[in-house]
Amino acid sequence: MTFELMKLPYAQDALEPVISKEIISYHYGKHHKGYVDNLNKLIKDTAYEDMTLEEIIRESSLDKINNQKYCEGRGSPIFVNAAQVYNHNLYWNSLRPDEPVGTGMTEQTEAYINKHWGSTDRLKKVITNQATKLFGSGWIWICKQDDDKPSVQSTHDAGTPITDPSVTPLLVIDVWEHAYYLQYKNDRADYIEQLWSIINWDNLA
């Protein structure tokens, strides 16, 4: 199986002014594409070659084929590149242009958030708290378990919740510096604050 760089669901300038075209071009066109290209090279002529992306991540997260354990986010090169492809795919789909979609959410999504977090503002605070406290690079996720109960989680580096088959990621925010440094420097909190207007909340419901 050969993996391809996903097509962005919007133009590269569609998230401005929150995320500049320059960042999208660099982040998507260099980093994300690099992970896809590396993954294809790494799995060629291996047992991973005929697996889906999710299967590769779960198998290589413990490097079962080579019988090696891994440290979260720092697994084999195959794990790191496969996980980063998956993580970035969901990240781009977790965002949407401010227009024409607008910054609101459906009543179903709002009811879902209110049920589990009390309010959208409360959920934003939980996300911001985890994002600003995460040391180094990583990801902030909203996931649900098999019982449909959602939670906000963080992973370091290339870590991804789908290593656990009982977890379904719904939405993710990239907090690697290359996701925001060109525009927000080292102010991760400001980056998170500005993202609220382009988050695709309807991924949750």
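The values are calculated or read from the model by the stated rules, or taken from the named source; none is laboratory data. Computed from a prediction, not measured in an experiment: that's the story for all the values here. Cβ atoms come from the backbone with ideal geometry, glycine included; neighbour counts cover every protein chain shown.
Only one of the numbered conditions (1) closer than 24 Å to Ile127 by Cβ; (2) at pLDDT 95 or above is violated by Thr52, and that is (1). Hey, Glu4 hits all of (1) outside any helix (DSSP H, G or I); (2) under 20 Å from the mean Cα position of the chain (by Cα); (3) surrounded by 15 or more Cβ atoms within 10 Å (Cβ to Cβ) but one; which does it fall short on? Failed condition: (3). The lone criterion from (1) within 27 Å of Ile24 (Cα to Cα); (2) crowded, with 18+ Cβ neighbours inside 10 Å; (3) not hydrophobic (A, V, I, L, M, F, W, C) left unmet by Pro150 is number (1).
All told, Trp141 meets the bar of being among the aromatic types (Phe, Trp, Tyr), free of Cβ contacts under 8 Å to residues at least 40 places away in the same chain and buried (at least 20 other Cβ atoms within 10 Å of the Cβ).
For region 132-141, does any single residue satisfy the condition of being in contact with a Pro (Cβ under 6 Å, 6 or more places away or on another chain) and outside the structural domain of Gly34 (by TED's automatic domain parsing)?
yes
For Asp187, indicate whether it is free of Cβ contacts under 8 Å to residues at least 12 places away in the same chain and of a type in the set (D, E, K, R). Even if it seems obvious, please write down each step before you answer.
Details: free of Cβ contacts under 8 Å to residues at least 12 places away in the same chain: yes; of a type in the set (D, E, K, R): yes.
Judged against the criteria, Asp187 is a match.
Looking only at region 155-184, which residues are surrounded by 18 or more Cβ atoms within 10 Å (Cβ to Cβ) and either without any contact (Cβ under 8 Å) to a residue 12 or more places away in the chain or of a type in the set (S, T, N, Q) (or both)? Listed by number, the residues that qualify are Thr155, Thr160, Thr163, Tyr184. Taking the criterion of being modelled with pLDDT of 95 or more, closer than 25 Å to Thr168 by Cα and among the hydrophobic types (A, V, I, L, M, F, W, C), would at least one residue in region 9-19 satisfy it? No - not one qualifying residue is present in region 9-19.
Listed by first and then second residue, the pairs with beta-carbon distance under 7 Å, at least 6 apart or on different chains, first residue in region 102-118 and surrounded by 10 or more Cβ atoms within 10 Å (Cβ to Cβ), second in a loop (DSSP other than H, G, I, E, B) and modelled with pLDDT under 90, are Thr106/Ala205; Gln108/Ala205; Thr109/Ala205; Tyr112/Ala205.
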